[in-house]
Each structure stands twice: as C-alpha cells, then as structure tokens.
Amino acid sequence: LENLQPEIKELAGRLRYEVSVRGKQLGWSEKVARFHFQKNMRRIVTELYIRDNCHPFKATLLVWVQIPMWVCVSLALRNCSVGASGSEVQEQFSSGGALWFTDLTAPDSTWILPVSLGLVNLLIVEV
C-alpha cells in the first residue's frame with residue numbers, strides 16, 4: 001500500500017485536472033465535479049489494489065482471526081486449570097509440568113512464560 005501512494009497521488013493530480021477541464025466544458029458545479037472525481041478515484045484505486053494484489057483488508061485479516069483465537073484458547077486453558085476443580089484434569093495439571101513450573105494450576109511467579117508469550121505474539125504481529 002505504501003509503495004502505491006506516489007502513483008495514487010500522481011493519478012489523483014492528473015484526474016483532478018481532467019475533471020476540472022471536463023467540468024468547465026460541460027458546466028458542472030463544484031459538487032458534481034467533486035462527485036465525478038471521487039467516483040473515478042475510487043475506481044482507479046480499486047484497479048491498483050487488484051493489479052498489485054494488496055487490498056487494505058488483507059493487512060487486518062490476521063488480527064481478525066488471531067484475537068478471537070487467542071480469547072478462545074485463553075478461556076479454554078483457564079477453564080481446564082481452574083474451572084474443573086476436583087476433577088481428574090485438575091489433578092493432572094497440579095502434578096504435571098516441567099523445569100521451574102511443576103504445578104500448572106499455580107501462577108508463574110517468575111513471569112517467564114507470560115512475558116515470552118507476549119514477546120512471541122508481538123514478533124508475529126510485527127513480522
């Protein structure tokens with residue numbers, strides 16, 4: 001999208017000139033000329049997006065998928081570790097684990113997992 005901006009500005013200037021010339025020939029008011037400029041500009045920008053395959057919605061698609069998935073996984077993990085008290089899952093979580101986190105139901109006092117998860121998610125979003 002950023003690479004298209006100079007081309008869009010150039011085409012907008014050229015289109016503005018053509019619309020003003022055509023508007024004076026046909027006696028268009030300022031409102032009608034603005035309408036024709038905006039209509040043609042939308043068409044030109046859409047054609048550029050199609051040509052370069054870079055629609056702005058594609059940039060936000062990952063976020064619209066990633067946020068609901070993150071919420072669902074977080075809620076599922078919370079329900080597994082806290083919501084099922086006295087069950088077999090709760091016992092497995094409290095006795096399982098590795099390294100410094102032997103009890104998966106206890107909060108991470110070192111903050112290693114939450115910070116690393118946040119950094120990995122930030123890296124994914126930035127990449």
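The values are calculated or read from the model by the stated rules, or taken from the named source; none is laboratory data. Bear in mind that the values here come from a model prediction, so they are computed numbers and not experimental data. Here Cβ is always computed from backbone atoms with ideal geometry, including for glycine, and neighbour counts include all displayed protein chains. With ligands, DNA and RNA removed, areas are computed over all heavy atoms of the protein, side chains included. Shrake-Rupley method; radii C 1.70, N 1.55, O 1.52, S 1.80 Å.
Some points to look at:
- Odd one out for residue 12 among (1) among the small types (Gly, Ala, Ser); (2) surrounded by 12 or more Cβ atoms within 10 Å (Cβ to Cβ); (3) not in a helix (DSSP H, G or I): (3)
- Within the stretch 83-99, tally of residues that are modelled with pLDDT of 70 or more and open to solvent by 90 Å² or more (accessible area, probe 1.4 Å): 5
- If you filter the stretch 21-40 down to residues that are assigned to a helix (DSSP H, G or I) and farther than 29 Å from residue 55 by Cα, you find that the one that is least open to solvent (accessible area, probe 1.4 Å) is 23.
- If you go through the stretch 100-126 and keep only what is open to solvent by 100 Å² or more (accessible area, probe 1.4 Å) and at pLDDT below 75, you end up with just 100.
- Inter-residue pairs, beta-carbon under 7 Å, first touching a residue at least 40 places away in the same chain (Cβ under 8 Å) and of a type in the set (Gly, Ala, Ser) and in the stretch 100-113, second outside any loop (DSSP other than H, G, I, E, B) and open to solvent by 80 Å² or more (accessible area, probe 1.4 Å), 6+ apart: none
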